[in-house]
Structures are given as C-alpha cells and as structure tokens.
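The structure is given below, and queries will be raised subsequently.
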Amino acid sequence: MKTHYTIPIFIPERACPFRCIYCNQYHITNCSQTIDKEDIENTIQAYLKTFPEQSEKKVAFFGGTFTGMSIDEQNHYLDVVLPYIERGLVKEVQLSTRPDYITPEILENLRRHGVGTVELGAQSLDEEVLRHSGRGHTVACVERAASLVRDYGFQLGLQMMVGLPFDTKQRTMATAQKIIDLGAECTRIYPTLVVRDTPLARLYESGRYEPLSIETAVDWSLAALDLFESAGVTVLRVGLHPSEGLRDGSQLLAGPFHISFKELVLTERWRRRLEKLADETSGEHFEVAVPSEEINYAVGYGGANRKMLQQRFKTVRIYGLRN
Ligand code: SF4
C-alpha cells in the first residue's frame, strides 16, 4: 500500500462573503496576501524532495473559500499544479471551500484541473448553531452542495467543528451522523477556539460565549471520531494546525487549544479501555498488549494512562504488538 503525503498551500481569506464568527483567517494561516505562482512552485518542489518517490502525493489548498474566487483566480492556483499531475509527480488536488460556492460550472472547471477531493466546511449541521456562528448558509445548502460534489465524481469531505455557540454533545453527534449520511469519505474535527479580533472574541469577552473546556472538547471529539471510524469515514485531522500564534498564545484568547489535541483524544480513548480492563483484572500486576502503532496513545500523553494504572497496580506493562 502506498503512503499518502499532502503538500499544503494556504490561501488567505479573500473571497469570503461572510466572516464566520470564530474566524480570523489572517491569524490562523499567518498569511495576508495572494500567493504568487512562484511561491506555490517552490513549496511543491520543496515538499516533493522530502517525500519518497513511490508515495502518493496530493496538493491541498487550505483556508479561505477556494471556489469563492473567480474561475480565473482559481485557475491561477490550479494551473501551477496541473503540470505536476500530468508528469505523475502529484496525484491530484484537494481543496476546501464553503458549501454555498458550489455550482455545476465550478465543479466542471475543478474536474478539468485535476481536483480529486472537495472538502466543504459544514462545521455544524444544526440550523441554530449555524445561524449563531455567522456561517451565512443553511443545512439544506450543505446537503445540496454535498450531493452535487458527489454527482460530479469528486471525493467528498465535510469538515466539522465542536463547541460552536449553541452546540451540545447531542448536536455534535447529530452533525457527525449527518456527515456520514451525506456520503462524506473524509472529515476533519476542529475544536472551536476563541481567536483574537473575531466576533467570537467579543462574545467571549462580554460573557456571552463560554468555550469548551479541554476535557469536554476531547470527549465530544472522541465521540465523533468513534462514530466516523465505525462508519468507515477517514478522519484527516483532529484539532487545528498549531500555528505560531496559537502556540505562543498571541492570537489565542481562550478555548480548548492543545498542541497535541489528537493525542489527547486518543489517550482518552485508551484510558477508557484500560480502565475497563483494570476493573476486570485482579492481583498486583497489569499487563496488556496493544497494536504497536497505538502504543503511544495507550501509554497516554505524558504517560497519563500508565500513571493512572500505576496507582492501581504494583507493576504495569503496556507493550506493542505488530499485526
Ligand atoms: S468561510 Fe472559512 S475563511 Fe471564510 S470567514 Fe468562514 S471560516 Fe473564515
């Protein structure tokens, strides 16, 4: 099986008709200007040098609203990648966009330009959450766009957020289920963060929005992750890409940010499994074999699960087994 690699290109927010309540794209991507062709070329070439030849590579355009740009502007970016696809160096393009910028004309053009996957920012599939998040589109709009994307033969991605205003665990789960029902092949789960200079920051500062605690964000994300995995939907990411400004806190006002958010989620999954196993284990010694690729999560972030077991047993052994 080929390993998959992604070359990320961040498109700054230029085409968004709305400012979603939580978004300050400039802060999140750390980039405020159009990227010129040469920069994209350089990025692609730099990444290609680091990837094994036999792997499968995609170029992914993130940020902004890709299909909200004029067709000419979209092609400005896509035309840079096309020669790499034609030479077999890159398999396809993946891009993310808003569901209200999907039309047959747009999809036709993307199809001609080597795009294989279209990810739509659904964020929530609850009308009230969408409305209070300033998304500017409805659930029906996501449904229509998702079905068009699939009809045109693209792989469909639907991204979701947890902890938006008026979100609940039940609504998070209903959103995840709907993403599955809409036929998404992939998804991303992002906890809502309060980034400076956003409408959400003002709501937070005036006490009208309370972000999720890290524990709750982990709990809701894990519930969604479990549901996606059991339905065979690929979860491409759990947690935001930790930009400089999020890491050093200069752009982050509040919210469940953690540099290894996904690791926390998987640690929690293993904590629950191991606790159950511990309850069924008598004696002073605890030993468990886990799939070797899961060993870090089983031991837990910062050794959290091992420490939890060490409080209950004299000796603890968690070891990895290859399949
Ligand atoms: S659509 Fe995306 S880039 Fe545009 S404002 Fe909303 S979150 Fe930001």
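Any read-out appearing in this document is the output of simple, stated calculations on the displayed coordinates, not a laboratory observation. None of these values were measured; they are calculated from a predicted model. Glycine gets a Cβ as well: all are built from the backbone with ideal geometry, and neighbour counts include every protein chain shown.
Give, as a single signed number, the net charge of other residues whose beta carbon lies under 11 Å from the beta carbon of Val80, with Lys and Arg counted +1 and Asp and Glu -1. Each step should come with its number before you reach the end.
Numbers: positive: Lys37; negative: Asp36, Glu38, Asp39, Glu41, Asp79.
Within the 11 Å Cβ shell, the charges total -4.
Restricting to bridges with both residues inside the chain, how much of the DSSP beta-bridge set is antiparallel, in percent to the nearest 5? Provide the component values of the computation, followed by the final result.
On the way: 2 of 41 bridges.
Given both bridge residues lie in the chain, the antiparallel proportion sits at roughly 5 percent.
If you don't mind, another one. Around Leu240, what is the net charge, scoring Lys/Arg as +1 and Asp/Glu as -1 over all other residues with Cβ under 12 Å from its Cβ?
Details: positive: Arg188, Arg237, Arg247, Lys262; negative: none.
Summing Lys/Arg as +1 and Asp/Glu as -1 gives +4.
Hey, what does the equivalent ellipsoid look like for the range 62-111, semi-axes from the Cα gyration tensor as sqrt of 5 times each eigenvalue, largest first, whole Å?
Details: eigenvalues 80, 24, 20 Å².
Listed largest to smallest, the semi-axes of the range 62-111 are 20, 11, 10 Å.
Using Cβ contacts closer than 10 Å as the measure, can you line up Leu321, Leu193, Leu266 from fewest to most?
The fewest-first ordering by Cβ neighbours comes to Leu321, Leu266, Leu193.
Determine Rg/Rh for the range 4-258; Rg is computed over alpha-carbon atoms and Rh is the Kirkwood hydrodynamic estimate from the same atoms.
Details: Rg = 17.7 Å, Rh = 18.6 Å.
Expressed as Rg/Rh, it is 0.95.
Picking from Leu110, Leu252, Ser133, whose Cα lies most toward the positive end of the charge dipole for the chain (charges on Cβ: Lys, Arg +1; Asp, Glu -1)?
After comparing all options, I get Leu252.
Gaussian network model of the chain, Cα springs within a sub-10 Å range: biggest mean-square fluctuation belongs to which of Thr43, Thr175, Thr267?
Thr43
Taking 19 Å as the cut-off for C-alpha to C-alpha distance, list the pairs among Lys2/Lys178; Lys2/Lys37; Lys37/Lys58; Lys276/Lys307; Lys49/Lys91; Lys57/Lys178 that go past it.
Working: Lys2/Lys178 30 Å; Lys2/Lys37 29 Å; Lys37/Lys58 17 Å; Lys276/Lys307 15 Å; Lys49/Lys91 16 Å; Lys57/Lys178 29 Å.
The pairs that break the limit, which is 19 Å between Cα atoms, are Lys2/Lys178; Lys2/Lys37; Lys57/Lys178.
Give me the distance in nm between label points sitting 7 Å out from Cα along the Cα-to-Cβ direction at Thr138 and Lys49, one decimal.
So the two model labels end up 5.2 nm from each other.
Note down the magnitude of the dipole of the range 177-240 about its Cα centre, charges +1 on Lys and Arg C-beta and -1 on Asp and Glu C-beta and zero elsewhere, to the nearest 20 debye. Don't skip to the end; give the middle numbers.
On the way: 6 positive and 9 negative charges, 57 e Å.
Around 280 debye, computed over the range 177-240.
Same structure, new question: What ranking do Phe257, Phe313, Phe61 get, fewest neighbouring Cβ atoms within 10 angstrom at the top? Write out the running numbers ahead of the final one.
Numbers: Phe257 20, Phe313 15, Phe61 24.
Fewest to most other Cβ atoms nearby, the residues stand as Phe313, Phe257, Phe61.
In whole Å, what are the Cα extents of the range 21-163 along the three principal axes, biggest one first?
Each principal axis gives a Cα extent; for the range 21-163 these are 46, 35, 29 Å.
How far, in nm, would the chain grow between Arg272 and Val235 when pulled straight, counting 0.36 nm per residue and subtracting the alpha carbon separation? Don't skip to the end; give the middle numbers.
Numbers: separation 37, 0.36 × 37 = 13.32 nm, distance 2.05 nm.
Working it through step by step, the gained length comes to 11.3 nm.
Hey, what D do you get for the range 236-275 in µm²/s if you plug the Kirkwood alpha-carbon radius into Stokes-Einstein at 4 °C and 1.567 mPa s?
Working: Rh = 11.3 Å.
My calculation gives 114 µm²/s for D.
In debye to the nearest 20, how big a dipole does the range 267-321 give about its Cα centre with +1 on each Lys and Arg Cβ and -1 on each Asp and Glu Cβ? Can you show the working numbers first?
On the way: 10 positive and 8 negative charges, 34 e Å.
Roughly 160 debye, rounded to the nearest 20.
Place a +1 charge on the Cβ of each Lys and Arg in the chain and a -1 charge on the Cβ of each Asp and Glu, then give the dipole magnitude about the Cα centre in debye, rounded to the nearest 20.
On the way: 37 positive and 42 negative charges, 142 e Å.
Dipole of the chain, to the nearest 20 debye: 680 debye.
So how do Ser230, Ser133 line up by other beta-carbon neighbours within 10 Å, fewest first?
Details: Ser230 9, Ser133 24.
With the sparsest Cβ surroundings first, the list reads Ser230, Ser133.
I've got another one for you. What is the gain in length, in nm to one decimal, between Leu321 and Asp151 on full extension, counting 0.36 nm per residue of separation less the C-alpha to C-alpha distance?
Fully extending the segment from Leu321 to Asp151 adds 57.0 nm.
As I understand it, the dipole of the chain uses +1 on the Cβ of Lys and Arg and -1 on the Cβ of Asp and Glu, about the Cα centre. Which of Gly302, Ile179, Met69 lies farthest toward its positive end?
Gly302
Could you please report the charge total around Ile71, scoring K, R as +1 and D, E as -1 over all other residues with beta-carbon less than 11 angstrom from its beta-carbon?
Numbers: positive: Arg112; negative: Asp72, Glu73, Glu105, Glu108.
Here the charged neighbours net out to -3.
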